[in-house]
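Working notes, structure below.
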Amino acid sequence: MRQVLIVDDDTIVRITLRSLIDWERFGYQVAADAVHGKQALQYLDTCPVDLVITDMKMPVMDGLTLIDAIHKKGLYPQILVLSGYDEFKLVREAFCLGASDYLLKTDLEAQLLEKALERLEEERKRRQDKGPDRGQNGLDKGPDRGQDRGPGSAGQMDKDRTAPRRHGREGMQKADLLTDMAMGRRPLDLSMFNGAYVVVRFEIEDYSRHGARFSYDLEEGLIRPFLSLAYQIPRVAARCVLGCLSPSQYIMLYQVADSRVYQENVCSTCRQLCSVWNNYMNLPVAVGASSLEMDPEAFWERMEEAGRQLKLRYLKGRAKTCVPWDREQVDYDQVMAVGEQYERLLRGLMICDELAVEEEKSRLFTALYAMDLGQAKALCLCLLGSLAWKMEEDHDDIRSLFSEEIDLYKKLERFEEIRGLELWLGNYFRWFFDHQSHKQARSQEDLMIRAKRFILDNFANPELTLGSVAGYVGLNEKYFSTKFTKEEGMTFTNYLTEVRIRKARELMDKTSLKVYEISQSVGYNSVEHFTRVFKRICKVSPGSYRKSGEET
């Protein structure tokens with residue numbers, strides 16, 4: 001079995017990766033996980049692995065530093081990068097350092113992970129056939145980036161299947177090239193650029209729900225139709241190249257014919273595309289566009305800018321278009337600055353720290369009354385945008401708080417004085433606080449469910465301990481022990497004992513296994529200890545229990 005190390009500071013992601021697929025079916029075993037790069041390196045010092053799955057942004061040591069440090073140790077496992085949708089710059093750097101593939105966290109599902117493992121296996125076999133191809137720095141160059149792969153879940157689906165066939169071979173190559181350029185797997189191809197251009201990013205809203213309809217075959221069911229429909233629009237076919245960054249994320253290079261009217265043309269083209277995708281595939285799509293650019297070398301900067309615009313969509317409602325020339329729209333950098341300024345308030349709302357929230361609310365409202373109305377509204381928009389990004393990091397959507405769509409620009413526009421703005425914002429924070437409180441309660445319930453399921457799956461392992469179960473669900477051992485006892489009305493040890501003895505009784509009732517065999521089957525190395533525990537729980541010895549069953 002090839003060994004896997006998962007590195008991510010998000011407990012949910014680690015648990016999801018462990019349980020998402022049957023790893024053994026692909027010849028893998030999840031050996032361990034780590035919450036940051038430094039912890040991962042400590043593990044690798046004594047336990048080399050074949051595959052490292054790592055997040056990009058982590059405390060203590062991030063993904064890029066980890067990849068570099070692994071190679072400096074003389075280790076060359078395959079590396080699968082996990083990223084947020086706005087971290088493509090980091091992914092490009094990861095490829096340069098020797099990463100093999102990548103997956104978006106927002107698209108993390110069984111089919112995509114399985115396809116990534118299949119691609120990694122193909123790469124591994126190619127390396128075995130021709131030997132490792134080392135660059136000047138001694139790193140594996142990895143797969144022939146972009147030569148036989150196209151866009152997809154990891155930016156690498158079959159070119160012939162994802163690109164629209166009506167465009168012929170040239171259209172397929174352009175779509176493939178655009179994606180590979182965006183991900184840094186190929187250098188910029190200047191033939192792709194013809195004067196001024198705009199980069200546009202698209203994201204399928206609520207992908208986890210809508211994407212499930214296509215899980216039977218993402219390439220044929222979702223990606224190919226999505227791109228093909230776009231090319232049915234004449235001006236898209238004539239002026240644009242589209243590529244797939246992942247099943248939920250797409251990119252478009254828009255060639256500008258007349259810079260005097262490009263703003264309206266870009267917006268109308270995007271509106272038409274979103275209408276087609278919504279009408280024919282029932283997919284709501286959000287849009288973020290970059291500013292006008294003449295220099296091909298600035299392509300990656302414009303791509304990042306389009307991603308930043310896309311992040312502002314939470315303020316407008318679902319399936320909206322965000323563009324840098326919208327003067328009424330708050331600026332991305334403003335949202336970032338306000339988020340840093342009120343970090344304690346945002347964190348307090350996220351973790352339901354009522355004291356911190358009340359203190360920071362007072363500071364916020366004092367600041368609002370010192371501003372004119374326009375400045376106060378802009379501050380509120382920036383604050384709510386930062387809060388939306390916090391929820392996004394927590395795999396949640398701030399728009400789920402409300403039963404109807406809310407355009408926050410229009411909502412705040414109606415207030416004619418600071419007092420009304422203060423009251424509404426106070427209510428908004430209360431709605432958010434209640435949402436997070438209920439979510440935390442559900443989360444704790446889910447943790448206990450996962451813990452008990454893990455116990456039921458592993459009770460036969462004599463090495464199963466409180467610490468191993470706590471680690472599986474990502475909790476401190478002492479906290480988990482207290483929480484488990486409170487939720488279940490018994491200690492972890494008593495619960496595990498009951499599970500084992502119940503399973504032992506089932507084996508005695510349904511099989512002819514000997515007592516020592518049953519003892520080993522339910523996690524006891526010592527038959528004497530098993531007998532003592534069984535007698536304490538059932539008030540009879542295992543032998544007497546079996547005899548009484550045979551007599552009845």
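I'd like to know if the stretch 376-395 contains one or more residues that are part of a helix (DSSP H, G or I), among the polar types (S, T, N, Q) and over 15 Å from L315 (Cβ atoms).
Within the stretch 376-395 (the criterion being part of a helix (DSSP H, G or I), among the polar types (S, T, N, Q) and over 15 Å from L315 (Cβ atoms)), the answer is no, since none of the residues qualifies.
Which is outside any helix (DSSP H, G or I) and surrounded by fewer than 16 Cβ atoms within 10 Å (Cβ to Cβ), of E463, E498?
Within the list E463, E498, the selection yields E463.
Where in the stretch 325-374 are there helices (runs of 4 or more DSSP H), lying wholly inside it, with at least 3 residues that are open to solvent by 90 Å² or more (accessible area, probe 1.4 Å) and more than 17 Å from Q436 (Cα to Cα)?
Because the criterion is at least 3 residues that are open to solvent by 90 Å² or more (accessible area, probe 1.4 Å) and more than 17 Å from Q436 (Cα to Cα), the helices (runs of 4 or more DSSP H) in the stretch 325-374 that meet it are 332-341, 354-369.
From the set of residues in the stretch 176-198 that are open to solvent by less than 10 Å² (accessible area, probe 1.4 Å) and touching a Gly at 6+ places or on another chain (Cβ under 9 Å), which is nearest to A257 (Cα to Cα)?
Taking the candidates together, the pick is L178.
From G98, G37, which residue is closer than 26 Å to P247 by Cα, touching a helix residue (DSSP H, G or I) at 6+ places or on another chain (Cβ under 8 Å) and free of Cβ contacts under 8 Å to residues at least 60 places away in the same chain?
Exactly one of G98, G37 is closer than 26 Å to P247 by Cα, touching a helix residue (DSSP H, G or I) at 6+ places or on another chain (Cβ under 8 Å) and free of Cβ contacts under 8 Å to residues at least 60 places away in the same chain, namely G98.
In the stretch 175-232, how many residues are polar (S, T, N, Q), farther than 17 Å from M252 by Cα and not in a helix (DSSP H, G or I)?
Of the residues in the stretch 175-232, 1 are polar (S, T, N, Q), farther than 17 Å from M252 by Cα and not in a helix (DSSP H, G or I).
May I ask you to list the residues in the stretch 225-261 that are open to solvent by less than 20 Å² (accessible area, probe 1.4 Å), over 25 Å from the mean Cα position of the chain (by Cα) and closer than 22 Å to N282 by Cβ?
Hits for the stretch 225-261 are A230, Y231, I233, V236.
When R546 is evaluated against the numbered criteria (1) surrounded by 12 or more Cβ atoms within 10 Å (Cβ to Cβ); (2) farther than 19 Å from N461 by Cα; (3) of a type in the set (K, R); (4) modelled with pLDDT of 90 or more, which criterion, by number, is the only one it fails?
(4)
Specify the residue that is farthest from I455 (Cα to Cα); the eligible residues are those in the stretch 521-542 that are assigned to a helix (DSSP H, G or I) and touching a residue at least 24 places away in the same chain (Cβ under 8 Å).
P542
Can you name the residue in the stretch 470-495 that is without any contact (Cβ under 8 Å) to a residue 24 or more places away in the chain and surrounded by 16 or more Cβ atoms within 10 Å (Cβ to Cβ) and is also farthest from D8 (Cα to Cα) among such residues?
Restricting to residues being without any contact (Cβ under 8 Å) to a residue 24 or more places away in the chain and surrounded by 16 or more Cβ atoms within 10 Å (Cβ to Cβ), the top hit is S481.
The conditions are (1) open to solvent by less than 50 Å² (accessible area, probe 1.4 Å); (2) free of Cβ contacts under 8 Å to residues at least 40 places away in the same chain; (3) more than 28 Å from Y409 (Cα to Cα), and M281 fails exactly one of them. Which is it?
Failed condition: (2).
Is it fair to say K439 is among the basic types (K, R), crowded, with 18+ Cβ neighbours inside 10 Å and in a helix (DSSP H, G or I)?
So K439 does not fit the description; no.
Condition first: open to solvent by less than 10 Å² (accessible area, probe 1.4 Å), at pLDDT below 95 and assigned to a loop (DSSP other than H, G, I, E, B). Now tell me which residues in the stretch 290-324 satisfy that.
G317 - this is the single residue of the stretch 290-324 that is open to solvent by less than 10 Å² (accessible area, probe 1.4 Å), at pLDDT below 95 and assigned to a loop (DSSP other than H, G, I, E, B).
Hey, among F530, F534, F492, which residue is closer than 16 Å to L464 by Cβ, at pLDDT 90 or above and in contact with a Lys or Arg (Cβ under 9 Å, 6 or more places away or on another chain)?
Criteria check complete, one pass: F530.
The values are calculated or read from the model by the stated rules, or taken from the named source; none is laboratory data. Remember, predicted model here, so these are calculated numbers, not experimental data. Counting neighbours? That spans all protein chains shown, and the Cβs are built from the backbone with ideal geometry, glycine included. What goes into the accessible areas is simple: the full protein's heavy atoms, side chains included, and nothing from ligands, DNA or RNA. Shrake-Rupley method; radii C 1.70, N 1.55, O 1.52, S 1.80 Å.
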